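The values are calculated or read from the model by the stated rules, or taken from the named source; none is laboratory data. Just so you know, these numbers come straight off a predicted model, no measurement behind them. Cβ: placed from backbone, ideal geometry, glycine included. Neighbour counts: every protein chain shown. Areas reflect the complete protein model, heavy atoms only, side chains present, ligands, DNA and RNA absent. Shrake-Rupley method; radii C 1.70, N 1.55, O 1.52, S 1.80 Å.
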Amino acid sequence: MTDTRALDGISVIHTLGPSGTNLEMAAHHWLAARGRRPNVRLHPTLESAIPGLSHDGHEALLACAVYPELHSLVFQNLGRLAMVDSFVLPTYDMVFATRPETTEVTTVVSHPAPQSLVQLASPTCALTLVLSNSQAARDCARGAADGCVTTSKAAADHGLAIRRNFGPVPMVYTVHLAGGFAEAGGAEPAA
């Protein structure tokens, strides 16, 4: 059960960047659904966001159910973060993309979560894992790989050509409050 008092204080969402991730889109959605101005801060990984979170009950971390090591993020931060909300929202369309001039694909970059889509799009390619779908698009656009699995938004933002569209994925997103543990029903940080 969600404690709306804990949610009412959240005005800043920290999540995975760079711009164009499904998590960034979901953070904007969560804030807008509550009539709050967009105040989303992007980080290279969710784990790297945690040390800088204010514990005054106004900042939260937004994750998703398929984020690699989500269980570690939760259990290694007991007393720092309390899961206070979750919701389902479709992702951007997940796509396989290349630079427009690319004719042969031998290398592909992908975030670990959707990496199995590489096998559907280009099964014989060498795969390199990166920290986000948006980073995959950036790396592909700058020539670090021939193709990438990314979001339709990140592909468009980086001028990539979509070669295969897998569509949106209904996704569970989780909101983790920094501080405010008594209100959230979580464990108090150890003294």
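Take the Cα pairs of the chain, get the Kirkwood Rh, then feed it into Stokes-Einstein at 10 °C and 1.306 mPa s and tell me D in µm²/s.
Working: Rh = 17.2 Å.
So the translational diffusion coefficient is about 92 µm²/s.
Would you mind checking the tilt of helix 22-33 against the longest principal axis of the Cα atoms of the chain, expressed as 0 to 90 degrees and rounded to 10?
Value to nearest ten degrees: 40.
Per residue, how much accessible area does region 27-116 have with a 1.4 Å probe, in Å²?
Numbers: 4420 Å² over 90 residues.
Per residue, region 27-116 has 49 Å² of solvent-accessible surface.
Between rounded, prolate and oblate, where does region 1-54 land on the alpha carbon gyration tensor, with a ≥ b ≥ c its root eigenvalues, rounded for a/c under 1.5, else prolate if a/b exceeds b/c?
Details: a/c = 2.09, a/b = 1.39, b/c = 1.50.
Cα axes put region 1-54 in the oblate bin.
Could you compute the longest span of the chain free of trypsin sites (Lys or Arg not before Pro) located in DSSP loops and having at most 15 other Cβ atoms within 10 Å, not counting the site residues?
Details: sites that count: ARG34, ARG36, ARG142.
It works out to 37-141.
Would you mind telling me the share, in percent, of accessible area of region 19-128 contributed by carbon and sulfur at probe 1.4 angstrom?
Numbers: 2980 of 5310 Å².
With neighbouring chains kept in place, the figure for region 19-128 is 56 percent.
With labels modelled as points extended 7 Å from the Cα through the Cβ direction, what inter-label distance (nm, one decimal) is found for ALA32 paired with GLU47?
3.2
Suppose we keep just the DSSP beta bridges with both residues in the chain; what percent of those would be antiparallel, to 5? Display every interim value, and only then the final one.
On the way: 25 of 39 bridges.
About 65 percent, rounded to the nearest 5.
If Lys and Arg each add +1 and Asp and Glu each add -1, what is the summed charge of the other residues whose beta carbon sits under 14 Å from the beta carbon of ARG99? Walk me through the numbers on the way to the answer.
Values: positive: ARG138, ARG142, ARG163; negative: GLU101, GLU104, ASP139, ASP146, ASP157.
With Lys, Arg at +1 and Asp, Glu at -1, the net is -2.
Take ILE162 and LEU70, extend 7 Å from each Cα along the Cα→Cβ direction, and tell me the distance between the two endpoints in nm.
Computed distance between label sites ILE162 and LEU70 equals 2.4 nm.
Roughly what would the spin-label model give for ASN39 and SER86, points 7 Å off Cα along C-beta, in nm?
So the label points at ASN39 and SER86 sit 2.7 nm apart.
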